[in-house]
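Visitor: Here it is: the structure, laid out below.
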Amino acid sequence: MTRIAHLPQNRHRPLSLAFGQIAILAMLGLLTPVASFAQAPQSSYLPAPSVSWPVQQPPTQFAPQPPQPMAAPQAGVYQPPVAQVAWQQPTPATPPVQPIGFPQPVVVDPARGMPVAPPAPMPLPPAPGEPHPHDVMARLERVEAALAAGHIPIEGIQDPDVAPLGSLGEYWQGVQDPEIETIAQQTYHSRDMVQKPGEKPKKWYDKLSIRGYAQFRINGILDEDPAGAPAQHTGDRSVGDDQNFLIRRARVILSGDVSDHMYVYLQPDFASSVPGSTDANQFTQIRDWYADCYLDIDKVHRIRVGQSKIPYGWENLQSSSNRLVLDRNDALNSAVRNERDLGVFYYYTPKYAQDFFKMVLDEGLKGSGNYGMFGFGAHNGQGGSLQEQNDNIHIVTRLTLPWQFENGQCVETGIQAYTGKYTVLGSTIFPGGGVVSDTPDGTSGNTGKAGIRDERIAATFVYYPQPFGFQAEWNVGRGPGLNDAQTEVIERHLYGGYAMMMYRYETACYGTWIPFLRYNKYKGGYKPERNAPFSFIEEWEAGAEWQINPQMELTLNYTLTDRTNTTAINRSGELSYRQFEGDLLRCQFQVNY
């Protein structure tokens, strides 16, 4: 109490601030606890002056007095009842040993049997690492000055002596897979439709969030057939000769609800390469740039306009930041270059489906995101960030059914299909390994400007890892493919898919481990590549993903592959599109921010 008595008096100071100061001082241990006299031990010891060792007592004027004779009641006057306090003279007692830091003993007057005013207790020194009381008072005065000068809300005040690294640390702890934030924004109950009392309406740009991820890779060729084609992988430029470290992806995402009926999503990639270039990479390229126009505030019906992923293939829709294996399967990924295109799409997602898509991502079960339970749309057909080559558009549709059984197991089944005409880009080769170069017919530079029929249908089955998981997709169809003589791109049959097993193991201190095993097969034209080489791919992949924490992931992958090298070779006497057979050891480190 002595410390409070010396505080500067300011009658114009807000009462809430005075209470705030008292509360802060009490938490710092600067207020000496005061116990009521009734709760204090009623003991002292003689001879005078007697000293007892109770908790510090209140001043003399507040101490209870012996009972006094009561005046006679007056007739007709109400007399309130008076509590009788029993007074007991203190009895001698042996003084206990005073503990270190205990308040000063109370001195008792033996004549009256009453405690006299004790000397002011000395405040305890601050504990190691805690601020001194004078420093606390100085900080309080600075906070008050900031309040008076800038009229800043109390919850917005930050101690000037505290560095902002604390808030950055809290933000870092909250960083997670970017896809989790995306699915949260696309779910009905995550919207902030109701304005809080007293809260100013947010500007549209205040509703946007920024996040992203980056992936760094290094691959090694452990074994290869010397008589086969050079090492090459359509999904990873770092697989091959004279390759070491690679920035596979460097994404920054800007998204959010700018109004109750519109959501925007912008995602450039800062690690793209120029098609056909052998020495230029890490250029900026638009990956996603679209707006979702909601027809209702519950986000059940929406129309998407812009460049986005095409709803064909569950793994194609799954974000690379959330995918278990390093690269998507060839069978379905060859359907759409970059998995994206420019178009218009309609998505129907009832509330229970929104909850399902959000839940599997929140639980770390490697979901594919919210692309509707039913989707239908039209797009150019040439592929994301590539110029359209013909007047035809592609039509695509998809239906997926999410299930959750009574034991909590989540399952998703789906079917999807598309149709259109695709124009293949051509490149000069030496057909059959001869000495005469030529660009195959049926490509954009020759007779294939109008495009070749391109249609597929695929089925999906996903048994989410809880903890054991299984995932499989398969597609069949017809599309552009180079003939066996390598002289013309024609319409050819195609088929292929993948099957993968995984097991999700969560540890108490060492993150989450997900080992996996995948089989991948495809036979058909690889239309996104020059001349649409007819390819055969069969490979096994085994590895594990280690989720160190929500911000960092490490993936190791061992691959046994037999795949067609899709590089067009323009050298006389050398045959293009031979098979590469070999063993690969691959490593990727991912950071989320």
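Visitor: Within the group 524, 497, which residue is more than 29 Å from residue 244 (Cα to Cα), of a type outside the set (Asp, Glu) and within 36 Å of the chain's Cα centre (by Cα)?
Guide: Numbers: 524 fails: within 36 Å of the chain's Cα centre (by Cα).
Testing whether each residue is more than 29 Å from residue 244 (Cα to Cα), of a type outside the set (Asp, Glu) and within 36 Å of the chain's Cα centre (by Cα) leaves just 497.
Visitor: On to the next question. Please indicate, with yes or no, whether at least one residue in the stretch 585-593 is surrounded by 15 or more Cβ atoms within 10 Å (Cβ to Cβ), touching a Cys at 6+ places or on another chain (Cβ under 6 Å) and at pLDDT 95 or above.
Guide: Scanning the stretch 585-593, I find no residue that is surrounded by 15 or more Cβ atoms within 10 Å (Cβ to Cβ), touching a Cys at 6+ places or on another chain (Cβ under 6 Å) and at pLDDT 95 or above, so the answer is no.
Visitor: Additional query: Tell me which of these residue 246 doesn't satisfy, since it passes every other one: (1) open to solvent by less than 60 Å² (accessible area, probe 1.4 Å); (2) at pLDDT below 90.
Guide: Of (1) open to solvent by less than 60 Å² (accessible area, probe 1.4 Å); (2) at pLDDT below 90, only one is false for residue 246: (2).
Visitor: State yes or no: is residue 263 open to solvent by less than 40 Å² (accessible area, probe 1.4 Å), within 29 Å of residue 175 (Cβ to Cβ) and touching a Ser or Thr at 6+ places or on another chain (Cβ under 6 Å)?
Guide: Against the criterion (open to solvent by less than 40 Å² (accessible area, probe 1.4 Å), within 29 Å of residue 175 (Cβ to Cβ) and touching a Ser or Thr at 6+ places or on another chain (Cβ under 6 Å)), residue 263 does not qualify.
Visitor: Tally up the residues in the stretch 321-341 that are among the polar types (S, T, N, Q) and open to solvent by 10 Å² or more (accessible area, probe 1.4 Å), please.
Guide: Going residue by residue through the stretch 321-341, those that are among the polar types (S, T, N, Q) are 321-322, 329, 333-334, 338.
Of the ones still in play, those that are also open to solvent by 10 Å² or more (accessible area, probe 1.4 Å) are 322, 333, 338.
Of the residues in the stretch 321-341, 3 are among the polar types (S, T, N, Q) and open to solvent by 10 Å² or more (accessible area, probe 1.4 Å).
Visitor: Quick one: how many residues across the stretch 400-439 are aliphatic (A, V, I, L, M) and more than 41 Å from the chain's Cα centre (by Cα)?
Guide: We begin by selecting, within the stretch 400-439, every residue aliphatic (A, V, I, L, M); these are 401, 411, 415, 417, 424-425, 429, 435-436.
From what's left, more than 41 Å from the chain's Cα centre (by Cα): 429, 435-436.
Matching residues across the stretch 400-439 total 3.
Visitor: Related question: Name the single residue that is farthest from residue 477 (Cα to Cα) among those in the stretch 555-571 being open to solvent by less than 60 Å² (accessible area, probe 1.4 Å) and in a strand (DSSP E or B).
Guide: Step one: of the stretch 555-571, the residues open to solvent by less than 60 Å² (accessible area, probe 1.4 Å) are 555, 557, 559, 561-566, 568-569.
Of the ones still in play, those that are also in a strand (DSSP E or B) are 555, 557, 559, 561-564.
On the way: 555: 33, 557: 30, 559: 27, 561: 24, 562: 22, 563: 20, 564: 20 Å.
Among them, the one singled out is 555.
Visitor: Okay, next question. Of all residues in the stretch 197-236 being in contact with a Pro (Cβ under 9 Å, 6 or more places away or on another chain) and open to solvent by 30 Å² or more (accessible area, probe 1.4 Å), which is nearest to residue 528 (Cα to Cα)? Steps first, please.
Guide: Filtering the stretch 197-236 for residues in contact with a Pro (Cβ under 9 Å, 6 or more places away or on another chain) gives 211-213, 224, 234.
Add one more test, that the residue is open to solvent by 30 Å² or more (accessible area, probe 1.4 Å), and what stays is 224, 234.
Details: 224: 25, 234: 10 Å.
Checking each candidate, the answer is 234.
One line per residue, one yes/no per condition, for (1) within 30 Å of residue 487 (Cβ to Cβ); (2) at pLDDT 95 or above; (3) in a helix (DSSP H, G or I):
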residue	(1), (2), (3)
416	no, yes, no
420	yes, yes, no
436	yes, no, no
446	yes, no, no
457	yes, yes, no
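Visitor: Oh, and also: Under 7 Å between Cβ atoms, which residue pairs at least 6 apart in sequence (or on different chains) link something in the stretch 334-357 that is free of Cβ contacts under 8 Å to residues at least 24 places away in the same chain and of a type in the set (A, V, I, L, M, F, W, C) with a partner that is assigned to a strand (DSSP E or B) and open to solvent by 10 Å² or more (accessible area, probe 1.4 Å)?
Guide: none
Visitor: Can I ask one more? Among (1) among the acidic types (Asp, Glu); (2) surrounded by fewer than 21 Cβ atoms within 10 Å (Cβ to Cβ); (3) assigned to a strand (DSSP E or B), where does residue 574 come up short?
Guide: It is condition (3) that residue 574 fails.
Visitor: Could I ask something else about it? Considering the stretch 528-554 alone, what residues qualify as being over 17 Å from residue 583 (Cβ atoms) and open to solvent by less than 10 Å² (accessible area, probe 1.4 Å)?
Guide: 531, 532, 533, 535, 545, 551 - these are the residues of the stretch 528-554 that are over 17 Å from residue 583 (Cβ atoms) and open to solvent by less than 10 Å² (accessible area, probe 1.4 Å).
Visitor: Do you know which of the residues in the stretch 511-527 that are within 15 Å of residue 538 (Cα to Cα) and among the hydroxyl-bearing types (Ser, Thr, Tyr) is surrounded by the most Cβ atoms within 10 Å (Cβ to Cβ)? Talk me through it step by step, then tell me what you get.
Guide: Step one: filter the stretch 511-527 for residues within 15 Å of residue 538 (Cα to Cα), giving 517-526.
Of the ones still in play, those that are also among the hydroxyl-bearing types (Ser, Thr, Tyr) are 519, 522, 526.
Details: 519: 15, 522: 24, 526: 26.
My answer is 526.
Visitor: For the stretch 429-436, indicate whether the set of residues that are open to solvent by 20 Å² or more (accessible area, probe 1.4 Å) and closer than 30 Å to residue 356 by Cβ is non-empty.
Guide: Among the residues of the stretch 429-436, not one is open to solvent by 20 Å² or more (accessible area, probe 1.4 Å) and closer than 30 Å to residue 356 by Cβ, which makes the answer no.
Visitor: Continuing with this model, one more query. Here is a list of conditions, (1) hydrophobic (A, V, I, L, M, F, W, C); (2) in contact with a helix residue (DSSP H, G or I) (Cβ under 6 Å, 6 or more places away or on another chain); (3) under 24 Å from residue 404 (Cα atoms), and residue 468 meets all of them except one; can you say which number that is?
Guide: Tallying (1) hydrophobic (A, V, I, L, M, F, W, C); (2) in contact with a helix residue (DSSP H, G or I) (Cβ under 6 Å, 6 or more places away or on another chain); (3) under 24 Å from residue 404 (Cα atoms), residue 468 fails exactly one: (2).
Visitor: Checking the condition among the small types (Gly, Ala, Ser) and open to solvent by 70 Å² or more (accessible area, probe 1.4 Å), which residue from 508, 499 passes? Give the derivation first.
Guide: Details: 499 fails: open to solvent by 70 Å² or more (accessible area, probe 1.4 Å).
Matching residue, one of 508, 499: 508.
Visitor: Here is a follow-up. I'm trying to understand the selection: among the residues of the stretch 361-399, which are buried (at least 23 other Cβ atoms within 10 Å of the Cβ) and of a type in the set (Val, Ile, Thr)?
Guide: Answer for the stretch 361-399, where residues must be buried (at least 23 other Cβ atoms within 10 Å of the Cβ) and of a type in the set (Val, Ile, Thr): just 396.
Visitor: Could you go through the stretch 494-513 and let me know if any residue there is of a type in the set (D, E, K, R), touching a Pro at 6+ places or on another chain (Cβ under 6 Å) and modelled with pLDDT of 95 or more.
Guide: yes
Visitor: List pairs: first in the stretch 499-511 and over 8 Å from residue 470 (Cα atoms), second in a loop (DSSP other than H, G, I, E, B) and among the aliphatic types (A, V, I, L, M), Cβ under 9 Å, 6+ apart or cross-chain?
Guide: 504/365
Visitor: Could you grab me the full set of residues in the stretch 478-494 that are open to solvent by 70 Å² or more (accessible area, probe 1.4 Å) and assigned to a strand (DSSP E or B)?
Guide: Here is the first cut: in the stretch 478-494, the ones open to solvent by 70 Å² or more (accessible area, probe 1.4 Å) are 478, 484, 488, 493.
Within the stretch 478-494, 478, 488, 493 qualify.
Visitor: Here's something else I'd like to know. Cβ-Cβ below 6 Å, separation at least six or inter-chain, first residue in the stretch 275-286 and open to solvent by less than 80 Å² (accessible area, probe 1.4 Å) and at pLDDT 90 or above, second among the hydroxyl-bearing types (Ser, Thr, Tyr) and assigned to a strand (DSSP E or B): which pairs?
Guide: That search, which allows pairs on different chains as well, returns 285/272.
Visitor: Another question, then. State all residues of the stretch 525-540 that are more than 16 Å from residue 473 (Cα to Cα) and in a strand (DSSP E or B); if no residue qualifies, say none. Working first, answer last.
Guide: Kept after step one, since they are more than 16 Å from residue 473 (Cα to Cα), are these residues of the stretch 525-540: 525-536.
Hits for the stretch 525-540 are 525, 534, 535, 536.
Visitor: Exactly one of (1) touching a helix residue (DSSP H, G or I) at 6+ places or on another chain (Cβ under 8 Å); (2) open to solvent by 50 Å² or more (accessible area, probe 1.4 Å) is unmet by residue 445. Its number?
Guide: Result: residue 445 passes all but (1).
Visitor: Can you tell me how many residues within the stretch 361-390 are in a strand (DSSP E or B) and more than 28 Å from the chain's Cα centre (by Cα)? Let's see the steps before the verdict.
Guide: Residues of the stretch 361-390 in a strand (DSSP E or B): 374-379.
Pick out the ones that are also more than 28 Å from the chain's Cα centre (by Cα) and you get 376-379.
Result for the stretch 361-390: 4.
The values are calculated or read from the model by the stated rules, or taken from the named source; none is laboratory data. None of the values given here were measured: they were computed from a predicted structure. Cβ: placed from backbone, ideal geometry, glycine included. Neighbour counts: every protein chain shown. Please note that ligands, DNA and RNA were not included when accessible areas were found on the heavy atoms of the full protein model with its side chains. Shrake-Rupley method; radii C 1.70, N 1.55, O 1.52, S 1.80 Å.
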